[in-house]
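> Shown below is the structure under consideration.
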Amino acid sequence: MLNQSSEFGLLTSDCFLKHIYNKYELQSGKIYKTKNMETILLPVTRKIDFTTSDLCLRIRNFAGNVSKSQQHTAGNRHKKKWYFVSLVLLLAMMPEFMQEGFAQTVVTNPASPWIVPALVSSVKVEVWGSGGGGGGAIVGNGGGGGGGAYNTGILTVSPGQSYTITIGAAGAINSGNGNPSTVTGPGGTVTANGGTGGAAGLLGNGAGGAGGTGGTFSGGTGGSSSGNGAGGGGGAGNNAVGGAGGNAATGQGGAGNPNSIPYKGGNGGAFITANGAGNAGVAPGGGGGGGKGTNNGGLGGAGQVVLTYTVCTPPAAPVVTSPVNYCINTTAIPLTATGSNLKWYDAPSGGNLLPGAPTPITTTTGTTSYYVSQTIGCEGPRALIDVIVHALPGASVSGQSDISCFAGSDGSITIQATGGTGPYFYSVSDGNKWTDVASNPPYTFGGLTANTPYRIKVKDSNGCISK
């Protein structure tokens, strides 16, 4: 994590940068701080292209320069905070920092069926219902169509899944109701309703259609005529309801976040004061305007579907030590690996997710394989750890020679090693002291004296010791 030093407010540590991105957002070429410290606005004038190693080096150099400068202004808390914020803003300007490990994709009105891409686990779904058609006029004035609603949801998905995309068709001229837009599949359904059509003006004035409801934001109500071809209601945006139309007012599309296409709602068809056909509503979701005289009402604005998802770049496999060796019936400890958010498995793919780091069983000899992955945004490949439980070597005396005379020291013992894994080490002191050089069996200890207890042991290359 990046940390703030208590003395100078410097960013330090290991350049794990992506956490800071949660505090800032990039909109319309500017960076805004969103919480924790005072609001700061910084124009982004150019793309800054650094590798990760370059980025870390520049951070450290920047921090060092800030430290020298701040030593001349100790006690000025405001300036200390400014240096900290300045460095965060410097980081936020770097695309590699903001998108490390991820690539965001926005798809507007995808074809149906939509197949979830590889390395995608969730999708933000935004849907807009279509606008209702404006009312026609027969020696009269038509009402405006209602604007379409907006709805959103986050769906948990898996690569390869199929989702049906329905983009609401525009409400037909002459009072056609708007149609819902829907995304549906294994992870759930998100729907936004369309607005209703404006009423026809039959020898009089038509009422406005209702805006679509039931979602996050409702569409605007179509205008009711009182002498003009009324304006259509505005389609909802992803940040506000649609505006209402009127006899002499055009419903404005609801605001978006950001307030641009494809996130803001479409305007309703403009009202008219002279005889003529009603104006069409603007997609997404604008209601059609009413006709005047003896003319058709306007077409509603079509619905819309926007899918936003991130494709994660999987991290590398954790760093492990393999094989891990044990002697039979020794006490084992849980396996370890170096990585973030580790997951342990009993198979190289698929298999069973284990509840935590496994502790090997050493009651039988053989090899057991375990696998571990790390997750940084998404899960990476698995690393293999083989646990090998070894049998103990055997030790026996294959020959001995007694001392040649009283108080002599020319006795010898020859030890034969069996089993285990050579080369072997030998001891006649119950394992308190081992021969310095590994040797293949047998091995002879010379220079031994009488009336001295000699307890033989053999240790193999795995560190297993005979009983």
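The values are calculated or read from the model by the stated rules, or taken from the named source; none is laboratory data. Treat the numbers as computed from the prediction; the structure is a model and nothing was measured. For neighbour counting, all protein chains shown are included, and Cβ atoms are generated from backbone atoms with ideal geometry for every residue, glycine included.
> Across the stretch 368-422, what is the number of residues that are surrounded by 15 or more Cβ atoms within 10 Å (Cβ to Cβ), hydrophobic (A, V, I, L, M, F, W, C) and part of a loop (DSSP other than H, G, I, E, B)?
The number of residues fulfilling the criteria is 3.
> Which one of these does GLY256 not meet: (1) closer than 23 Å to ASN177 by Cβ; (2) surrounded by fewer than 22 Cβ atoms within 10 Å (Cβ to Cβ); (3) out of contact with any strand residue (DSSP E or B) (no Cβ under 7 Å at 6 or more places or on another chain)?
(1)
> Still on this structure, I have one more. Please tell me if GLY206 is of a type outside the set (Ser, Thr, Tyr) and out of contact with any Ser or Thr (no Cβ under 8 Å at 6 or more places or on another chain).
no
> Next question. Of the residues in the stretch 323-358, how many are part of a loop (DSSP other than H, G, I, E, B) and over 30 Å from the mean Cα position of the chain (by Cα)?
So the count comes out to 7.
> Please go through the stretch 107-146 and pick out each residue that is closer than 16 Å to GLY246 by Cα and not small (Gly, Ala, Ser).
ASN141
> Identify the residue in the stretch 366-423 that is on the phi > 0 side of the Ramachandran plot and modelled with pLDDT under 90 and, among all such residues, is farthest from the chain's Cα centre (by Cα).
Here the residue is ALA407.
> Using the structure shown, decide if VAL106 is surrounded by 15 or more Cβ atoms within 10 Å (Cβ to Cβ) and touching a residue at least 12 places away in the same chain (Cβ under 8 Å).
Details: surrounded by 15 or more Cβ atoms within 10 Å (Cβ to Cβ): no; touching a residue at least 12 places away in the same chain (Cβ under 8 Å): yes.
So VAL106 fails the test.
> Looking at the stretch 345-386 only, could you name the residues that are touching a Lys or Arg at 6+ places or on another chain (Cβ under 9 Å) and closer than 30 Å to GLY420 by Cα?
TYR345, ALA347, PRO348, TYR371, VAL372 - these are the residues of the stretch 345-386 that are touching a Lys or Arg at 6+ places or on another chain (Cβ under 9 Å) and closer than 30 Å to GLY420 by Cα.
> Now for a separate question. Scan the stretch 106-163 residue by residue and report those that are among the hydroxyl-bearing types (Ser, Thr, Tyr) and closer than 30 Å to GLY208 by Cβ.
Of all residues in the stretch 106-163, those among the hydroxyl-bearing types (Ser, Thr, Tyr) come to 108, 112, 121-122, 130, 150, 152, 156, 158, 162-163.
Scanning the stretch 106-163 gives THR108, SER130, TYR150, THR152.
> Search the stretch 433-455 for residues being of a type in the set (A, V, I, L, M) and more than 60 Å from the chain's Cα centre (by Cα), and hand back the single one that is surrounded by the fewest Cβ atoms within 10 Å (Cβ to Cβ).
Among them, the one singled out is ALA450.
> Considering the stretch 325-362 alone, what residues qualify as being surrounded by 10 or more Cβ atoms within 10 Å (Cβ to Cβ), of a type in the set (Ser, Thr, Tyr) and over 16 Å from ASP386 (Cβ atoms)?
THR330, THR338, SER340
> Give the number of residues within the stretch 293-322 that are over 30 Å from GLY153 (Cα atoms) and assigned to a loop (DSSP other than H, G, I, E, B).
The qualifying residues number 9.
> Restricting attention to the stretch 256-264, does a residue exist that is under 26 Å from GLY201 (Cβ atoms), outside any strand (DSSP E or B) and assigned by TED's automatic domain parsing to the domain that holds SER162?
no
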